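Have a look at the structure below before the remarks.
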Amino acid sequence: MWRSILTAFLLPALVLAPAAAQNTPPPPRPEPTQARRSPKPVYQPYTYYDGLRRGRTEKIAVYISADGLVTTPTSPVSGIVPLHLELQPEEGLSFGKFRYPTANKVAVQFQPKPVLFARESWIQVELHAAPNAVIGWHVLKGKLTFQPVDLHSGVGPVRQVDVEIPINVAEHNAHVTRAKWPIYQPMPAAEKVGLIVLAVPLAVVAMPIYIICLAATKGNCGD
């Protein structure tokens with residue numbers, strides 16, 4: 001009897017279970033990995049040292065990922081807005097020369113004549129810290145303007161991007177370390193002279209040793 005009663009209660013549940021399973025909404029579809037990735041940054045700030053000392057002038061740089069070629073204000077092209085960096089004043093810090101990359105002629109498909117585009121995608125700025133600048137972190141704020149150009153499709157829309165550059169101001173005699181600087185820097189003339197001065201005495205000392213080695217080995221000193 002109990003078996004008949006249990007069957008009477010369980011049979012409707014077993015019949016309704018498949019129908020309920022069919023009406024259950026499917027699990028949410030995962031988004032593609034590409035959609036979940038962070039967008040590619042348009043700019044990346046760099047400093048020459050990890051600290052800007054009071055009373056000193058150092059270089060900072062902004063690398064740009066424009067998704068296309070850009071023109072420069074030093075080599076303007078008619079009808080294209082050039083790459084431009086505008087920084088807001090910051091107490092205790094002042095800006096010197098803004099240096100834009102050099103431009104080269106590049107053949108494009110949307111017009112018969114080559115166009116002068118930036119060879120590299122960076123802007124370099126001289127930054128000076130006043131002797132009484134507040135020690136600690138500052139954030140330079142500004143705006144980056146450019147108009148990317150595709151070699152095949154032509155000129156794209158003008159883009160403006162807000163820029164923030166963190167700067168660490170240190171004491172005048174503080175120890176600072178060379179940071180990750182992406183721009184090639186030619187060796188200063190003073191360093192070249194110093195290397196030459198050091199190389200001459202070494203050559204004077206090494207020459208007699210090399211001559212003796214040649215005589216002892218009958219010309220096979222290098223083997």
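Each value in this text was obtained by applying a stated rule to the coordinates, not by laboratory testing. Computed from a predicted model, the values in this text were never measured in an experiment. Glycine gets a Cβ as well: all are built from the backbone with ideal geometry, and neighbour counts include every protein chain shown.
Show me the ranking of peptides 147-159, 120-132 by mean Cβ neighbours inside 10 Å, starting with the highest.
Going by the mean number of other Cβ atoms within 10 Å, highest first, we get 120-132, 147-159.
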³J(HN,Hα) computed for each position of the range 138-152 - Karplus, 6.51 cos²θ - 1.76 cosθ + 1.60, integer Hz, glycine/proline x | 10, 10, 7, 10, x, 9, 10, 10, 7, 10, x, 10, 9, 4, 9
Using the beta-carbon distance between LYS105 and HIS152 and R0 = 22 Å, what value does 1/(1 + (r/R0)^6) give for FRET efficiency, to the nearest 0.05?
-> 0.80
Under the Karplus relation with 6.51, -1.76 and 1.60 and θ = phi - 60°, whole-Hz ³J(HN,Hα) for the range 81-95, x at Gly and Pro, equal 6, x, 4, 8, 10, 10, 10, 7, x, 10, 4, x, 10, 9, 9
Provide the per-residue ³J(HN,Hα) series for the range 104-111, in order, calculated from phi with Karplus coefficients 6.51, -1.76, 1.60 and θ = phi - 60°, each as a whole number of Hz, with x at glycine and proline positions.
-> 10, 6, 10, 6, 10, 8, 8, 7
Counting sequence-distant residues (5 or more places) and residues on other chains, those with an amide H built under 5 Å from that of ALA179 are TYR49, ASP50
Taking the Cα-to-Cβ direction at THR57 and at HIS175 and moving 7 Å from each Cα, how far apart do the two end points lie in nm?
-> 2.8 nm
Residues whose placed amide H lies under 5 Å from that of ARG53, excluding near-sequence neighbours = ALA170
